Amino acid sequence: MSISEAIKQKAINLGFDAAGIASAEPVEAKYVKYLQNWLKEGMNAQMEYMQKNFDKRIDPDRLLEGAKSVVCVALNYKPPEQTMVPAGKFGAVANFATYQDYHGFIKEKLFVLAEFIKEISGNDDLKFKACVDSVPILERVFAEKAGLGFIGKNHMLINPELGLQLLLGEIITDIELSPDKALNSGCSDCCKCIRACPTGALSTGGSFDSNKCISYLTIEYSGQVAAELAEKIGDRIFGCDECMLACPYDMRAECRVNKEIKFYGDRKYLALDSVDRMGPSEFEEKFKDSTILRSGLERLKRNAQICDKNLSGHN
């Protein structure tokens, strides 16, 4: 078994569902141009951090000098447990946030994998950088290059077997590994994700407007949500899965296999009155190991008020 194959097998043994290797060369010009235009048109909304570290996002060598390879991994989080919608006023939480905060979970395994790479390569001076989504790298582009899937019309990475509910991670390293081939696959003429988007954030022309995205509005946006968008949020208190759940690939995908990452079924639906009464200490305690903590209590309360109004049928 080659070093590259051994590294990918180790990743699977660590609990990842897929692993691949991409060259650390800068991303293709088409992605650079798209990102430049996307930022120029203000599609990043209040996410000003997307405008920073542009060079790093498109070139791993700017993140790790001498970078030659990017080891990409994916973890399927499609929940096997089907949580029934409770009676009463509850806000729905996106599936990824029904698990423990994945950042630390994935990064810990990436460091174990990096130690394995150091050992199997015999390179004690190995340079590497472990990345989860807070690091400025176009992770879906590199995952596509590594053969883990293709970027669909909803701008998500789609793995034909694992679907779209995927958590990604990368190890940028200075050793040269054998890169995998990108998949020869795509969405064809399917536009189900575009039709499923409640706010029209996706378009057939290929654009994605964060200003309209429910995930952005409920997790990142700090202001008062415009009335025409607020009513389309429905009962979604944190995030939105509609463009993924509508995808035929996700419908056919297997459910989560890795049982190490903790699943909290009671976080799928949050009682709106409980959120409204929640104080800072209770919020911190309840969501201390959850990505829901990222929204902050005030934003979560704002979302609860929007959901309450929608569920009450008020315009």
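Here is a check on your reading of the model: is Y221 part of a loop (DSSP other than H, G, I, E, B) and either farther than 23 Å from Q82 by Cα or of a type in the set (S, T, N, Q) (or both)?
yes
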ask   = Taking the stretch 116-144 as the search range and keeping residues that are acidic (D, E) and in a helix (DSSP H, G or I), which one is farthest from K8 (Cα to Cα)?
value = E139
task = Among what's in the stretch 106-161 and is touching a helix residue (DSSP H, G or I) at 6+ places or on another chain (Cβ under 7 Å) and without any contact (Cβ under 8 Å) to a residue 40 or more places away in the chain, pick the residue that is surrounded by the most Cβ atoms within 10 Å (Cβ to Cβ).
result = F150
ask   = Can we say F142 is outside the structural domain of R252 (by TED's automatic domain parsing) and closer than 14 Å to F16 by Cβ?
value = no
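Could you grab me the full set of residues in the stretch 275-314 that are acidic (D, E) and either under 23 Å from the mean Cα position of the chain (by Cα) or surrounded by fewer than 16 Cβ atoms within 10 Å (Cβ to Cβ) (or both)?
D276, E282, E284, E285, D289, E298
Of the residues G163, G147, G169, which is touching a Lys or Arg at 6+ places or on another chain (Cβ under 9 Å), over 22 Å from S215 (Cβ atoms) and of a type in the set (G, A, S)?
Selected residue: G147, the only one of G163, G147, G169 that is touching a Lys or Arg at 6+ places or on another chain (Cβ under 9 Å), over 22 Å from S215 (Cβ atoms) and of a type in the set (G, A, S).
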inquiry  = Given (1) closer than 23 Å to D101 by Cβ; (2) surrounded by fewer than 17 Cβ atoms within 10 Å (Cβ to Cβ); (3) touching a helix residue (DSSP H, G or I) at 6+ places or on another chain (Cβ under 9 Å), identify the lone condition not met by Y221.
reply    = (2)
ask   = Any idea which of (1) under 20 Å from the mean Cα position of the chain (by Cα); (2) not assigned by TED's automatic domain parsing to the domain that holds Q9 is the one N154 doesn't satisfy?
value = (2)
task = Could you identify the single residue in G149, G163 that is on the phi > 0 side of the Ramachandran plot and in contact with a strand residue (DSSP E or B) (Cβ under 6 Å, 6 or more places away or on another chain)?
result = G149
remark   = In the set V27, V85, the lone residue that is part of a loop (DSSP other than H, G, I, E, B) and either of a type in the set (G, A, S) or not assigned by TED's automatic domain parsing to the domain that holds A146 (or both) is V85
note = Those residues of the stretch 1-47 which are farther than 23 Å from E176 by Cβ and of a type in the set (F, W, Y) amount to Y34, W38
request  = Those residues that are over 15 Å from A74 (Cβ atoms) and not acidic (D, E), I need them from the stretch 150-184; list them, please.
outcome  = K153, N154, H155, I172, T173, I175, L177, S178, P179, K181, N184
ask   = If we keep just the residues of the stretch 39-72 that are of a type in the set (D, E, K, R) and part of a helix (DSSP H, G or I), which is farthest from A19 (Cα to Cα)?
value = K40
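Taking the stretch 195-218 on its own, how many of its residues are outside any loop (DSSP other than H, G, I, E, B) and touching a helix residue (DSSP H, G or I) at 6+ places or on another chain (Cβ under 8 Å)?
Here the count works out to 9.
Return yes when G91 is in a strand (DSSP E or B) and either surrounded by fewer than 18 Cβ atoms within 10 Å (Cβ to Cβ) or in contact with a strand residue (DSSP E or B) (Cβ under 7 Å, 6 or more places away or on another chain) (or both) and no when it is not.
Criteria met by G91.
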request  = Could you please find all residues in the stretch 224-267 being out of contact with any Leu (no Cβ under 6 Å at 6 or more places or on another chain), crowded, with 16+ Cβ neighbours inside 10 Å and within 17 Å of L297 (Cα to Cα)?
outcome  = R236, F238, G239, R267
query = Under the condition of being assigned to a strand (DSSP E or B) and over 15 Å from the mean Cα position of the chain (by Cα), which residue from the stretch 236-252 is nearest to N159 (Cα to Cα)?
reply = R236
task = Scan the stretch 114-140 for residues that are of a type in the set (A, V, I, L, M, F, W, C) and in contact with a Leu (Cβ under 9 Å, 6 or more places away or on another chain) and jot them down.
result = A114, F116, I117, F128, A130, C131, V132, V135, I137, L138
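The values are calculated or read from the model by the stated rules, or taken from the named source; none is laboratory data. No experiment lies behind these values; they were computed from the predicted model shown. Glycine gets a Cβ as well: all are built from the backbone with ideal geometry, and neighbour counts include every protein chain shown.
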